[in-house]
């Protein structure tokens, strides 16, 4: 049943990868004055990095190619913000680089604010990416759908909706977990049932309301 290959990164794995990413940055003797997190994927790795290297000047930019339900925009959706980074060393952080379009667009935008230097860091690089960040933890040899703990509810309901549409609103949580595992090969038995139930209504109500 699984055609796309999926991999789930647990909270423990994601935190350890963020520490490894931090070590790579420090080993290169690059200590940024400012960190810019790409929202939402880069928020948690950026916070961990900032904690380790004691950088309190952290900003975020919202940008994405992906939407709820797996919809893809024709261009990077970038929400402009002012960044007080002129003359500063900047580190831009995201969780993964897929095509490279988002990170490329963000780097171009951040440079308009006149930083002294700018480097990029991610946890994973997919083989489809045309942009290679300065720092990364894992370079994937094949295209995988990487599911982070901070995206798990969105991914579950996007995939369930894609296969079952609004019929999935009648599924109980055990059915949702079992069907998601069958479709992706990812075991999510450890997830909190209460949060899954809350997310079920919030995600599926939005998706079914758009039909």
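Side notes on the structure shown:
- Candidate set: the range 99-118, residues that are modelled with pLDDT under 95 and surrounded by 20 or more Cβ atoms within 10 Å (Cβ to Cβ); chosen: the one farthest from residue 58 (Cα to Cα): 102
- Residue in the range 143-180 that is farthest from residue 201 (Cα to Cα), counting only those that are out of contact with any helix residue (DSSP H, G or I) (no Cβ under 8 Å at 6 or more places or on another chain) and crowded, with 19+ Cβ neighbours inside 10 Å: 146
- When the range 99-122 is filtered for residues that are closer than 22 Å to residue 142 by Cβ and touching a helix residue (DSSP H, G or I) at 6+ places or on another chain (Cβ under 8 Å), only 122 remains.
- Any chance residue 147 is in contact with a strand residue (DSSP E or B) (Cβ under 6 Å, 6 or more places away or on another chain) and modelled with pLDDT of 95 or more: yes
- Neighbours by Cβ (under 9 Å, 6+ apart or cross-chain): first from the range 198-210, more than 14 Å from residue 155 (Cα to Cα); second outside any helix (DSSP H, G or I): none
- Given (1) over 25 Å from residue 99 (Cβ atoms); (2) over 20 Å from the mean Cα position of the chain (by Cα), number of the condition residue 183 does not satisfy: (1)
The values are calculated or read from the model by the stated rules, or taken from the named source; none is laboratory data. Keep in mind that this is a model prediction, so the values were computed, not measured. Methodologically, a virtual Cβ is constructed for each residue, glycine included, from the backbone with ideal geometry; neighbour enumeration extends over all protein chains shown.
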